[in-house]
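Each remark here refers to the structure printed beneath this line.
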Amino acid sequence: MNNIETITLIEDIITCANILEVGDRKGQNIYFQAYKELAQYLNSLFIHYNNMIDISKIKGKLGGWGWYRYFEKIYNDISIENVFIITFNYDIWLEKILTLLKIQFNISAFEDKEAKFHIFKPHGSISFQSKIRTDKDAFQIISTRESEKIDVNKFDIIYDKINPLGAKIAIIPPAGDSNRLNYEWAKSIRLKIKDAANSLTISDELVMCGLSYWHVDRLEIDSILTEIEPEIKNVAVINPNPPRVLNAVVTTLFRNVIFSTHCKNLNK
């Protein structure tokens, strides 16, 4: 299949899974089974990619990266009390960078550690590991609807030797909407995000990085943006190819918006 055919099939699978949730239909469905297989595949694929990266070998090159310097700068700025990071990525690159910088962070809804940096991952993460592991011979993809009701207490946060054979996974595939899917762990994260967004004041800053603002993501992203103080001090949109509709929405919601195509401008 070419790229267009592949993404069309994926969107069909996710759309059908979403509508089953909205209708609360019982029983099995070929698209629902495909959805479970897709989520498991993505989880295993990103674990494989993670195992290919030896961050110690590229440590010396990170000093020139804008985001690396920016995280270090805001961590050392005593006038900044909290840093909230919402990411829709499954990988743990961000967590590896913060660890390299010796920055304490908290995975919201899963951890309650004292930290300046708080990370929210409403679409899941390969680091969300089921407390129940299986070996290869016993592994199977569970496609029952009950598997969606799992809360955060069923997972550990693990960054080393991540096992792709967990009995449950916490991944929402692309084209999925965590607001529509009935995942307890995702619901807990969304509530934490709402609290964080409501806590922002006019003196805070909002930085948005690389959002596609695809049609399936818009409702979820809008639900966050509309909770934020409209008179917030500064809004920065960092994106080499910013979607026009996102730019229109951001300038509609906020007064002070700065657009940049490169992260090197973060530290200005």
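The values are calculated or read from the model by the stated rules, or taken from the named source; none is laboratory data. Please read these numbers as outputs of a predicted model, since none were measured by experiment. Neighbour counts run over all protein chains shown; Cβ positions are idealised from the backbone, glycine included. SASA here: full protein model, heavy atoms, side chains in, ligands and nucleic acids out. Shrake-Rupley method; radii C 1.70, N 1.55, O 1.52, S 1.80 Å.
First measure r as the distance between the Cβ atoms of Asn76 and Lys149, then evaluate 1/(1 + (r/R0)^6) with R0 = 45 Å and state the FRET efficiency to the nearest 0.05. List each step's numbers first, then the result.
On the way: r = 42 Å, r/R0 = 0.93.
Computed FRET efficiency for Asn76 and Lys149: 0.60.
Scan around Asn234 for amide H atoms under 5 Å from its own, H built in the peptide plane at 1.01 Å from N, and keep only partners 5 or more places away or cross-chain.
Leu206
Of all accessible surface on the chain at a 1.4 Å probe, what whole percent is carbon and sulfur? Walk me through the numbers on the way to the answer.
On the way: 7960 of 14970 Å².
Ligands and nucleic acids excluded, carbon and sulfur reach 53 percent.
Which of the lysines could be linked to Lys96 by a straight reach, that is with a Cα gap under 18 Å, when you skip same-chain ones fewer than 8 residues away?
Lys57, Lys59, Lys61, Lys73, Lys113, Lys116, Lys121, Lys161
In the structure displayed, which of Lys102/Lys264; Lys102/Lys233; Lys36/Lys136; Lys102/Lys131 lie more than 20 Å apart, Cα to Cα? Could you put the intermediate results ahead of the total?
Working: Lys102/Lys264 22 Å; Lys102/Lys233 28 Å; Lys36/Lys136 18 Å; Lys102/Lys131 27 Å.
Where the Cα-Cα span goes over 20 Å, the pairs concerned are Lys102/Lys264; Lys102/Lys233; Lys102/Lys131.
At a threshold of 8 angstrom on Cα-Cα distance, excluding pairs fewer than six apart, so keeping six or more, what relative contact order does the chain reach in percent?
Values: 372 pairs, mean separation 49.7, N = 268.
Computed over the chain, the figure is 19 percent.
Just to be sure I follow: if Rg is taken over the C-alpha atoms of the chain and Rh is the Kirkwood radius over the same atoms, what is Rg/Rh? Please list the in-between numbers first.
On the way: Rg = 19.2 Å, Rh = 20.0 Å.
Taking Rg over the Kirkwood Rh, I get 0.96.
Please give the contour-minus-distance gain from Tyr159 to Glu111: 0.36 nm per residue of separation, less the Cα-Cα distance, rounded to one decimal in nm. Working shown, then result.
Values: separation 48, 0.36 × 48 = 17.28 nm, distance 1.40 nm.
So the chain would gain 15.9 nm between Tyr159 and Glu111.
Starting from region 24-126, pick out the GluC sites (Glu not before Pro) whose DSSP state is loop and whose Cβ has at most 13 other Cβ atoms within 10 Å. Each step should come with its number before you reach the end.
On the way: sites: Glu37, Glu72, Glu81, Glu95, Glu111, Glu114; in loops: Glu81, Glu114.
Counting only loop positions with at most 13 other Cβ atoms within 10 Å, the GluC sites (Glu not before Pro) in region 24-126 are Glu81, Glu114.
Give me log10 I(q)/I(0) at q = 0.34 Å⁻¹ for region 211-250, Debye formula, one equal scatterer per alpha-carbon, no solvent.
Here the Debye-derived log intensity ratios amount to -1.29.
Taking the solvent-accessible surface of protein heavy atoms with a 1.4 Å probe, what is the per residue accessible area of the chain in Å²? All intermediate terms of the calculation are to be shown ahead of the outcome.
Working: 14970 Å² over 268 residues.
Spelled out: the 1.4 Å probe surface of the chain, per residue, equals 56 Å².
When a/c is below 1.5 the answer is rounded, else prolate if a/b is larger than b/c, else oblate, so apply that to region 58-149 with a ≥ b ≥ c taken from the square roots of the Cα gyration tensor eigenvalues.
Note, shape of region 58-149 comes out prolate.
Determine the calculated [θ] at 222 nm for the chain from helices alone, applying -39500 (n - 2.57) to every DSSP H run no shorter than 4 residues and normalising by the residue count; nearest 500 deg cm²/dmol. Each step should come with its number before you reach the end.
Working: 8 runs with 101 residues, N = 268.
Computed ellipticity for the chain at 222 nm equals -12000 deg cm²/dmol.
In sequence order, what are the phi-derived ³J(HN,Hα) couplings for region 123-130 according to the Karplus relation 6.51 cos²θ - 1.76 cosθ + 1.60 with θ = phi - 60°, rounded to whole Hz, with x for glycine and proline?
Computed from phi, the couplings for region 123-130 are 9, x, 7, 5, 7, 7, 9, 4 Hz.
With a/c under 1.5 counting as rounded, go ahead and sort region 187-266 into rounded, prolate or oblate using the C-alpha gyration tensor (a ≥ b ≥ c being the square roots of the eigenvalues; past the cut-off, prolate if a/b is larger than b/c, else oblate). Write out the running numbers ahead of the final one.
Working: a/c = 1.69, a/b = 1.19, b/c = 1.41.
Oblate is the answer for region 187-266, as a/c is 1.5 or above yet b/c matches or exceeds a/b.
Calculate the dipole size of the chain relative to its Cα centre from +1 charges on Lys and Arg beta carbons and -1 charges on Asp and Glu beta carbons; express the result in debye to the nearest 20.
Details: 32 positive and 33 negative charges, 118 e Å.
So the magnitude is around 560 debye.
Please give the contour-minus-distance gain from Ile224 to Tyr49: 0.36 nm per residue of separation, less the Cα-Cα distance, rounded to one decimal in nm. Write out the running numbers ahead of the final one.
Values: separation 175, 0.36 × 175 = 63.00 nm, distance 2.95 nm.
Once the chain is fully extended between Ile224 and Tyr49, it gains 60.1 nm.
Which FRET efficiency value, to the nearest 0.05, is calculated for Asn247 and Leu191 with the Förster distance at 25 angstrom and r the Cβ-Cβ distance?
Calculated value: 0.30.
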